[in-house]
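The values are calculated or read from the model by the stated rules, or taken from the named source; none is laboratory data. On a predicted model such as this, the values are computed, not experimentally measured, just so you know. Every residue, glycine among them, receives a Cβ derived from its backbone with ideal geometry; neighbour counts consider all protein chains shown. Areas reflect the complete protein model, heavy atoms only, side chains present, ligands, DNA and RNA absent. Shrake-Rupley method; radii C 1.70, N 1.55, O 1.52, S 1.80 Å.
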Amino acid sequence: MNLKLAARPRRAALAGLLSLVTAAAAWAAPVTSAAAQEGRVKGWGANANYQLGGTLTTSKYKPVTVPGVTGGSVEALAAGYHHSLALLSNGTVESWGRNGEGQLGIGSTAAQDQASTVAGLRGVVAVAAGSNHSLALLADGTVRAWGLNSSGQLGDNTTATRTVPVVVSGLTNVEAIAAGGAHSLAVLADGTVRAWGLNGNGQLGDGSTATRTTPVTVSGLDNVRSVAAGNNHSLARRADGTVWAWGRGSEGQIGDNATAQRLTPVQADGIGTARDISAGVHHSVARLANGTVVAWGYNAQGQMGDGTTTNRPAPIVLDGAEQIRAVSAGGYHTLVLDREGRVRAVGYNNNGQIGDGATANRTALTEPVNSLSSVSLIAGGGEFSLAG
(Lines give C-alpha, C1' and ligand atoms only; values in the text may rest on other atoms or scores of the structure.)
Protein backbone atom coordinates (compact mmCIF):
# COMPACT_ATOMS: atom_id res chain seq x y z
CA MET A 1 0.00 0.00 0.00
CA ASN A 2 1.16 3.47 -0.05
CA LEU A 3 3.28 2.25 2.59
CA LYS A 4 5.68 2.95 -0.03
CA LEU A 5 7.67 5.56 -1.90
CA ALA A 6 6.94 8.48 -4.08
CA ALA A 7 10.10 9.42 -5.93
CA ARG A 8 11.37 12.91 -6.63
CA PRO A 9 12.67 13.62 -10.16
CA ARG A 10 16.21 14.88 -10.61
CA ARG A 11 16.13 18.67 -10.54
CA ALA A 12 18.13 19.24 -13.70
CA ALA A 13 16.53 16.78 -16.06
CA LEU A 14 12.87 16.07 -15.43
CA ALA A 15 9.85 18.29 -15.56
CA GLY A 16 7.29 15.61 -14.67
CA LEU A 17 6.82 13.73 -11.45
CA LEU A 18 7.42 10.07 -10.83
CA SER A 19 5.07 8.54 -8.26
CA LEU A 20 5.38 5.20 -6.72
CA VAL A 21 3.30 4.43 -2.08
CA THR A 22 4.14 4.84 -2.61
CA ALA A 23 3.69 4.10 -3.10
CA ALA A 24 3.19 3.45 -8.17
CA ALA A 25 5.49 4.84 -10.82
CA ALA A 26 4.04 6.18 -14.02
CA TRP A 27 3.81 9.40 -15.99
CA ALA A 28 0.63 11.43 -15.77
CA ALA A 29 -0.70 13.05 -18.92
CA PRO A 30 -1.93 16.64 -18.51
CA VAL A 31 -5.66 17.21 -18.17
CA THR A 32 -6.70 20.71 -19.04
CA SER A 33 -10.34 21.10 -18.01
CA ALA A 34 -11.81 20.93 -14.53
CA ALA A 35 -14.53 18.64 -15.82
CA ALA A 36 -11.97 16.22 -17.22
CA GLN A 37 -9.94 16.35 -14.04
CA GLU A 38 -13.01 15.67 -11.90
CA GLY A 39 -13.32 12.25 -13.51
CA ARG A 40 -9.61 11.47 -13.66
CA VAL A 41 -9.04 9.65 -10.36
CA LYS A 42 -10.82 6.34 -9.89
CA GLY A 43 -10.97 4.05 -6.88
CA TRP A 44 -12.34 0.65 -5.92
CA GLY A 45 -12.43 -1.58 -2.84
CA ALA A 46 -13.05 -0.62 0.79
CA ASN A 47 -14.78 2.71 1.40
CA ALA A 48 -15.83 2.55 5.06
CA ASN A 49 -13.65 5.59 5.76
CA TYR A 50 -14.38 7.45 2.50
CA GLN A 51 -11.02 6.45 1.06
CA LEU A 52 -12.73 6.33 -2.34
CA GLY A 53 -14.69 9.49 -1.63
CA GLY A 54 -18.42 9.90 -2.16
CA THR A 55 -21.36 9.96 0.21
CA LEU A 56 -21.79 6.20 0.59
CA THR A 57 -19.32 4.17 2.63
CA THR A 58 -20.03 0.76 1.12
CA SER A 59 -17.30 -1.14 -0.70
CA LYS A 60 -17.05 -0.65 -4.44
CA TYR A 61 -16.29 -3.74 -6.49
CA LYS A 62 -15.60 -1.79 -9.68
CA PRO A 63 -13.95 1.61 -10.21
CA VAL A 64 -15.85 4.75 -9.23
CA THR A 65 -14.86 8.40 -9.63
CA VAL A 66 -13.27 10.12 -6.64
CA PRO A 67 -15.11 13.45 -6.25
CA GLY A 68 -13.55 16.86 -5.85
CA VAL A 69 -10.15 16.43 -7.49
CA THR A 70 -10.29 19.53 -9.71
CA GLY A 71 -7.31 21.72 -8.83
CA GLY A 72 -5.01 20.68 -11.68
CA SER A 73 -3.71 17.62 -13.46
CA VAL A 74 -2.85 14.74 -11.13
CA GLU A 75 0.87 14.00 -11.09
CA ALA A 76 0.97 11.31 -8.38
CA LEU A 77 -1.30 9.22 -6.17
CA ALA A 78 -0.60 7.68 -2.77
CA ALA A 79 -2.77 5.36 -0.71
CA GLY A 80 -2.47 4.67 3.01
CA TYR A 81 -4.43 2.16 5.00
CA HIS A 82 -7.61 4.24 5.07
CA HIS A 83 -6.70 7.53 3.36
CA SER A 84 -5.65 8.84 -0.04
CA LEU A 85 -3.46 11.61 -1.44
CA ALA A 86 -3.22 13.26 -4.86
CA LEU A 87 -0.36 15.53 -5.92
CA LEU A 88 -1.49 18.16 -8.41
CA SER A 89 0.55 19.84 -11.13
CA ASN A 90 0.38 23.17 -9.28
CA GLY A 91 2.41 21.68 -6.42
CA THR A 92 -0.47 21.35 -3.96
CA VAL A 93 -1.79 18.15 -2.38
CA GLU A 94 -5.37 16.98 -1.95
CA SER A 95 -6.49 14.31 0.51
CA TRP A 96 -9.59 12.34 1.44
CA GLY A 97 -10.69 9.43 3.64
CA ARG A 98 -10.02 8.63 7.29
CA ASN A 99 -8.65 11.49 9.34
CA GLY A 100 -8.87 10.40 12.98
CA GLU A 101 -5.14 10.96 13.41
CA GLY A 102 -4.89 14.05 11.22
CA GLN A 103 -3.43 12.13 8.28
CA LEU A 104 -5.31 14.34 5.78
CA GLY A 105 -3.43 17.44 6.94
CA ILE A 106 -6.42 19.77 6.87
CA GLY A 107 -6.22 21.06 10.46
CA SER A 108 -8.91 18.78 11.88
CA THR A 109 -9.62 15.10 12.53
CA ALA A 110 -12.85 14.95 10.54
CA ALA A 111 -13.07 12.35 7.76
CA GLN A 112 -13.49 13.75 4.27
CA ASP A 113 -15.79 12.27 1.63
CA GLN A 114 -14.16 14.25 -1.18
CA ALA A 115 -10.79 15.75 -1.92
CA SER A 116 -9.68 18.61 0.36
CA THR A 117 -6.48 20.66 0.12
CA VAL A 118 -3.68 19.87 2.59
CA ALA A 119 -2.95 22.98 4.60
CA GLY A 120 -0.03 25.23 3.73
CA LEU A 121 1.74 23.07 1.17
CA ARG A 122 3.22 24.58 -1.99
CA GLY A 123 5.96 23.39 -4.29
CA VAL A 124 5.40 19.69 -3.56
CA VAL A 125 7.08 17.24 -5.94
CA ALA A 126 6.26 13.86 -4.33
CA VAL A 127 3.91 12.36 -1.74
CA ALA A 128 3.76 9.16 0.31
CA ALA A 129 1.06 7.69 2.56
CA GLY A 130 1.71 5.40 5.53
CA SER A 131 -0.85 3.59 7.62
CA ASN A 132 -1.95 6.74 9.44
CA HIS A 133 0.59 9.39 8.45
CA SER A 134 1.59 11.24 5.31
CA LEU A 135 4.72 12.76 3.79
CA ALA A 136 5.41 15.40 1.15
CA LEU A 137 8.71 16.22 -0.54
CA LEU A 138 9.17 19.84 -1.53
CA ALA A 139 11.14 21.17 -4.49
CA ASP A 140 13.72 22.63 -2.11
CA GLY A 141 14.64 19.11 -0.93
CA THR A 142 12.96 19.33 2.49
CA VAL A 143 10.18 17.04 3.76
CA ARG A 144 6.87 17.76 5.50
CA ALA A 145 4.90 15.21 7.56
CA TRP A 146 1.52 15.03 9.27
CA GLY A 147 -0.82 12.58 11.00
CA LEU A 148 -0.19 9.97 13.70
CA ASN A 149 3.15 10.43 15.44
CA SER A 150 3.04 7.99 18.35
CA SER A 151 6.30 6.38 17.22
CA GLY A 152 8.01 9.49 15.92
CA GLN A 153 7.12 8.73 12.31
CA LEU A 154 6.76 12.45 11.55
CA GLY A 155 10.40 13.04 12.42
CA ASP A 156 9.94 16.34 14.28
CA ASN A 157 11.55 15.08 17.51
CA THR A 158 8.17 14.66 19.23
CA THR A 159 5.45 12.05 19.48
CA ALA A 160 2.64 14.58 19.11
CA THR A 161 0.02 13.93 16.44
CA ARG A 162 -0.11 16.72 13.83
CA THR A 163 -3.20 17.75 11.88
CA VAL A 164 -1.18 20.07 9.61
CA PRO A 165 2.24 19.50 8.03
CA VAL A 166 5.41 19.98 10.08
CA VAL A 167 9.04 19.98 8.95
CA VAL A 168 10.97 16.73 9.31
CA SER A 169 14.03 17.62 11.36
CA GLY A 170 17.44 17.91 9.76
CA LEU A 171 16.60 16.72 6.24
CA THR A 172 17.90 18.56 3.18
CA ASN A 173 18.70 17.53 -0.39
CA VAL A 174 16.08 14.77 -0.32
CA GLU A 175 15.38 12.98 -3.61
CA ALA A 176 12.74 10.36 -2.70
CA ILE A 177 10.44 9.43 0.20
CA ALA A 178 8.44 6.48 1.51
CA ALA A 179 5.96 5.99 4.36
CA GLY A 180 5.38 2.65 6.10
CA GLY A 181 3.23 1.34 8.90
CA ALA A 182 4.73 3.70 11.48
CA HIS A 183 8.09 4.60 9.97
CA SER A 184 9.39 6.81 7.18
CA LEU A 185 12.29 6.81 4.72
CA ALA A 186 14.12 9.40 2.63
CA VAL A 187 16.82 9.13 -0.03
CA LEU A 188 19.33 11.98 -0.11
CA ALA A 189 21.03 13.38 -3.19
CA ASP A 190 24.27 11.62 -2.19
CA GLY A 191 22.53 8.23 -2.44
CA THR A 192 22.34 7.54 1.28
CA VAL A 193 19.09 6.81 3.14
CA ARG A 194 17.60 8.26 6.31
CA ALA A 195 14.89 6.61 8.42
CA TRP A 196 12.78 7.51 11.45
CA GLY A 197 9.84 6.23 13.50
CA LEU A 198 9.00 2.78 14.83
CA ASN A 199 11.93 0.36 14.83
CA GLY A 200 10.86 -2.71 16.79
CA ASN A 201 11.71 -4.97 13.87
CA GLY A 202 14.78 -3.08 12.70
CA GLN A 203 12.89 -1.36 9.89
CA LEU A 204 15.05 1.76 10.29
CA GLY A 205 18.15 -0.23 9.34
CA ASP A 206 20.54 1.38 11.82
CA GLY A 207 21.47 -1.89 13.54
CA SER A 208 19.14 -1.36 16.51
CA THR A 209 15.50 -1.74 17.48
CA ALA A 210 15.29 1.70 19.11
CA THR A 211 12.48 3.98 17.97
CA ARG A 212 13.75 7.27 16.49
CA THR A 213 11.89 10.59 16.52
CA THR A 214 14.38 12.20 14.14
CA PRO A 215 16.09 10.75 11.05
CA VAL A 216 19.04 8.36 11.39
CA THR A 217 21.28 6.94 8.69
CA VAL A 218 20.49 3.48 7.31
CA SER A 219 23.67 1.43 7.64
CA GLY A 220 25.80 0.51 4.66
CA LEU A 221 23.72 1.88 1.80
CA ASP A 222 24.95 4.14 -0.99
CA ASN A 223 23.97 4.89 -4.58
CA VAL A 224 20.29 4.44 -3.66
CA ARG A 225 17.71 5.77 -6.11
CA SER A 226 14.38 4.82 -4.51
CA VAL A 227 12.88 3.36 -1.35
CA ALA A 228 9.68 1.61 -0.28
CA ALA A 229 8.22 0.92 3.15
CA GLY A 230 5.97 -1.92 4.30
CA ASN A 231 4.34 -2.34 7.66
CA ASN A 232 7.56 -3.36 9.43
CA HIS A 233 10.11 -3.72 6.64
CA SER A 234 11.90 -1.46 4.19
CA LEU A 235 13.32 -1.69 0.66
CA ALA A 236 15.91 0.26 -1.30
CA ARG A 237 16.82 0.14 -4.98
CA ARG A 238 20.39 1.01 -5.85
CA ALA A 239 21.56 2.57 -9.10
CA ASP A 240 22.93 -0.80 -10.21
CA GLY A 241 19.41 -2.32 -10.11
CA THR A 242 19.93 -4.42 -6.98
CA VAL A 243 17.33 -4.41 -4.21
CA TRP A 244 18.17 -4.31 -0.52
CA ALA A 245 15.83 -4.96 2.41
CA TRP A 246 15.75 -4.83 6.19
CA GLY A 247 13.34 -5.14 9.12
CA ARG A 248 10.77 -7.87 9.75
CA GLY A 249 11.41 -10.99 7.71
CA SER A 250 9.20 -13.67 9.23
CA GLU A 251 7.02 -13.88 6.12
CA GLY A 252 9.95 -13.78 3.70
CA GLN A 253 9.50 -10.11 2.81
CA ILE A 254 13.25 -9.44 2.97
CA GLY A 255 13.79 -11.67 -0.07
CA ASP A 256 17.09 -13.25 1.02
CA ASN A 257 15.63 -16.80 1.05
CA ALA A 258 15.24 -16.70 4.83
CA THR A 259 12.66 -15.68 7.40
CA ALA A 260 14.94 -13.82 9.78
CA GLN A 261 14.70 -10.27 11.05
CA ARG A 262 17.42 -8.02 9.59
CA LEU A 263 18.59 -4.96 11.51
CA THR A 264 20.69 -3.71 8.61
CA PRO A 265 20.17 -4.03 4.84
CA VAL A 266 20.77 -7.32 3.03
CA GLN A 267 20.48 -7.97 -0.68
CA ALA A 268 17.34 -9.60 -2.06
CA ASP A 269 18.21 -12.70 -4.06
CA GLY A 270 18.60 -12.63 -7.80
CA ILE A 271 17.49 -9.09 -8.62
CA GLY A 272 19.95 -7.10 -10.67
CA THR A 273 17.79 -5.00 -12.97
CA ALA A 274 15.05 -3.50 -10.79
CA ARG A 275 13.51 -0.25 -11.99
CA ASP A 276 10.72 0.18 -9.42
CA ILE A 277 9.99 -1.26 -5.97
CA SER A 278 6.93 -1.33 -3.74
CA ALA A 279 6.02 -2.84 -0.37
CA GLY A 280 2.73 -4.09 1.07
CA VAL A 281 2.05 -4.99 4.67
CA HIS A 282 4.21 -8.13 4.54
CA HIS A 283 5.14 -8.56 0.88
CA SER A 284 7.42 -6.87 -1.64
CA VAL A 285 7.41 -6.41 -5.41
CA ALA A 286 9.82 -5.10 -8.02
CA ARG A 287 9.47 -4.20 -11.69
CA LEU A 288 12.47 -5.27 -13.74
CA ALA A 289 14.07 -3.59 -16.74
CA ASN A 290 12.55 -6.13 -19.12
CA GLY A 291 9.00 -5.23 -18.01
CA THR A 292 8.43 -8.32 -15.88
CA VAL A 293 7.61 -8.29 -12.15
CA VAL A 294 8.96 -10.31 -9.25
CA ALA A 295 7.37 -10.66 -5.80
CA TRP A 296 8.31 -12.17 -2.45
CA GLY A 297 7.04 -12.50 1.10
CA TYR A 298 3.58 -13.16 2.52
CA ASN A 299 1.28 -14.95 0.09
CA ALA A 300 -1.70 -16.20 2.08
CA GLN A 301 -4.10 -14.27 -0.15
CA GLY A 302 -2.28 -15.05 -3.40
CA GLN A 303 -0.54 -11.69 -3.78
CA MET A 304 2.50 -13.36 -5.36
CA GLY A 305 0.34 -14.27 -8.36
CA ASP A 306 1.87 -17.73 -8.72
CA GLY A 307 -1.39 -19.65 -8.29
CA THR A 308 -0.60 -20.63 -4.69
CA THR A 309 -0.93 -19.26 -1.16
CA THR A 310 2.56 -20.31 -0.12
CA ASN A 311 4.88 -17.67 1.34
CA ARG A 312 7.94 -16.97 -0.82
CA PRO A 313 11.17 -15.99 0.97
CA ALA A 314 12.94 -15.29 -2.33
CA PRO A 315 11.67 -13.39 -5.39
CA ILE A 316 9.53 -15.28 -7.90
CA VAL A 317 8.14 -14.12 -11.23
CA LEU A 318 4.58 -12.77 -11.17
CA ASP A 319 2.90 -14.94 -13.78
CA GLY A 320 1.41 -13.09 -16.73
CA ALA A 321 2.98 -9.74 -15.94
CA GLU A 322 4.64 -8.57 -19.16
CA GLN A 323 5.50 -5.14 -20.53
CA ILE A 324 4.68 -3.65 -17.13
CA ARG A 325 5.48 0.01 -16.55
CA ALA A 326 4.38 0.37 -12.91
CA VAL A 327 3.75 -1.79 -9.85
CA SER A 328 2.11 -1.03 -6.53
CA ALA A 329 1.70 -3.29 -3.51
CA GLY A 330 -1.46 -2.74 -1.52
CA GLY A 331 -1.96 -4.12 1.96
CA TYR A 332 -2.40 -7.71 0.80
CA HIS A 333 -2.88 -7.28 -2.94
CA THR A 334 -0.71 -6.28 -5.88
CA LEU A 335 -1.45 -3.96 -8.81
CA VAL A 336 0.37 -3.75 -12.15
CA LEU A 337 0.01 -1.26 -14.98
CA ASP A 338 0.90 -2.35 -18.49
CA ARG A 339 2.19 -0.29 -21.41
CA GLU A 340 -1.30 0.03 -22.85
CA GLY A 341 -2.56 1.77 -19.72
CA ARG A 342 -4.49 -1.21 -18.37
CA VAL A 343 -4.59 -2.20 -14.70
CA ARG A 344 -4.51 -5.80 -13.47
CA ALA A 345 -4.50 -7.10 -9.91
CA VAL A 346 -3.99 -10.17 -7.75
CA GLY A 347 -4.37 -11.14 -4.09
CA TYR A 348 -6.79 -10.21 -1.31
CA ASN A 349 -10.23 -9.17 -2.53
CA ASN A 350 -12.50 -9.06 0.50
CA ASN A 351 -13.66 -5.53 -0.30
CA GLY A 352 -13.37 -5.69 -4.06
CA GLN A 353 -9.89 -4.15 -4.20
CA ILE A 354 -9.02 -6.37 -7.17
CA GLY A 355 -11.71 -4.59 -9.20
CA ASP A 356 -13.20 -7.60 -10.95
CA GLY A 357 -16.71 -7.13 -9.56
CA ALA A 358 -16.37 -9.92 -6.98
CA THR A 359 -14.89 -10.54 -3.53
CA ALA A 360 -13.05 -13.82 -4.06
CA ASN A 361 -9.28 -13.75 -3.55
CA ARG A 362 -7.25 -14.10 -6.74
CA THR A 363 -4.05 -16.11 -6.92
CA ALA A 364 -3.42 -15.20 -10.56
CA LEU A 365 -3.59 -11.83 -12.29
CA THR A 366 -7.08 -10.80 -13.35
CA GLU A 367 -8.02 -9.50 -16.74
CA PRO A 368 -7.68 -5.72 -17.03
CA VAL A 369 -9.92 -3.89 -14.56
CA ASN A 370 -13.22 -2.98 -16.22
CA SER A 371 -14.02 0.63 -17.20
CA LEU A 372 -10.40 1.78 -16.93
CA SER A 373 -8.35 2.92 -19.90
CA SER A 374 -5.31 5.11 -20.56
CA VAL A 375 -4.25 4.86 -16.92
CA SER A 376 -0.86 6.32 -16.03
CA LEU A 377 -0.88 6.15 -12.20
CA ILE A 378 -1.72 3.37 -9.74
CA ALA A 379 -1.63 3.10 -5.95
CA GLY A 380 -2.56 0.19 -3.70
CA GLY A 381 -4.01 1.02 -0.27
CA GLY A 382 -4.89 -1.09 2.71
CA GLU A 383 -7.95 -2.71 1.16
CA PHE A 384 -8.58 -0.40 -1.78
CA SER A 385 -6.96 0.72 -5.02
CA LEU A 386 -6.56 3.99 -6.92
CA ALA A 387 -5.84 4.80 -10.55
CA GLY A 388 -5.50 7.99 -12.54
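Just a few scattered comments:
- Chain lengthening between Ala358 and Lys62 when straightened (0.36 nm per residue, less Cα-Cα): 105.7 nm
- Largest-first ellipsoid semi-axes for region 189-330, taking √(5λ) over the Cα gyration tensor eigenvalues, angstrom: 24, 17, 11
- Taking the C-alpha atoms of region 57-168, convex hull volume expressed per residue in Å³: 90
- Check: region 175-325 dipole with +1 on Lys, Arg Cβ and -1 on Asp, Glu Cβ, in debye: 240
- Centre separation in Å (Cα based) which lies between region 154-205 and region 259-284: 19
- At q = 0.06, 0.09, 0.15 Å⁻¹, base-10 log of I(q)/I(0) for the chain (Debye sum, equal scatterers on each alpha carbon): -0.17, -0.40, -1.23
- Computed lengthening from Gln267 to Ser108, 0.36 nm per intervening residue step minus Cα-Cα distance: 53.1 nm
- Residue-wise HN-Hα coupling along region 107-121, computed from phi with Karplus coefficients 6.51, -1.76, 1.60 (Hz; x: Gly, Pro): x, 9, 10, 8, 4, 10, 8, 8, 4, 10, 7, 5, 5, x, 9
- Residue-normalised accessible area of the chain, given per residue in Å² at a 1.4 Å probe: 31
- Distance from the Cα centroid of region 301-340 to that of region 57-76 is 24 Å (rounded to whole angstrom).
- Burial order of peptide ranges 101-107, 170-176, 228-234, 181-187 (average beta-carbon count within 10 Å, highest first): 228-234, 181-187, 101-107, 170-176
- Candidates Val343, Val125, Leu365 compared by Cα position along the dipole of the chain: farthest toward the positive end lies Val125, with charges placed on Cβ.
- Secondary-structure-derived ellipticity at 222 nm for the chain, considering helices only, amounts to 0 deg cm²/dmol, per-run term -39500 (n - 2.57) for DSSP H runs with n ≥ 4.
- Long-range HN-HN contacts of Asn299 with modeled amide H, under 5 Å: Asn311, Arg312
- Label-to-label distance, nm, for residues given as Thr209 and Asp140 (7 Å Cα→Cβ offset): 4.0
- For Val41, residues with placed amide H under 5 Å, excluding near neighbours: Val66
- Relative protection proxy for 43-51, 264-272, 89-97, from highest mean packing down: 43-51, 89-97, 264-272 (other beta-carbon atoms within 10 angstrom).
- Whole-percent carbon and sulfur share, accessible surface of region 56-154, 1.4 Å: 47
- Lys, Arg +1 and Asp, Glu -1 on Cβ, resulting dipole of the chain about Cα centre, debye, nearest 20: 280
- Across region 154-160, coupling constants 3J(HN,Hα) worked out from phi with the 6.51/-1.76/1.60 Karplus curve, θ = phi - 60°, read 8, x, 9, 6, 9, 10, 8 Hz, and Gly and Pro carry x.
- Mean Cβ neighbour count within 10 Å, used as a protection proxy, ranking 117-125, 130-138, 77-85 highest first: 77-85, 130-138, 117-125
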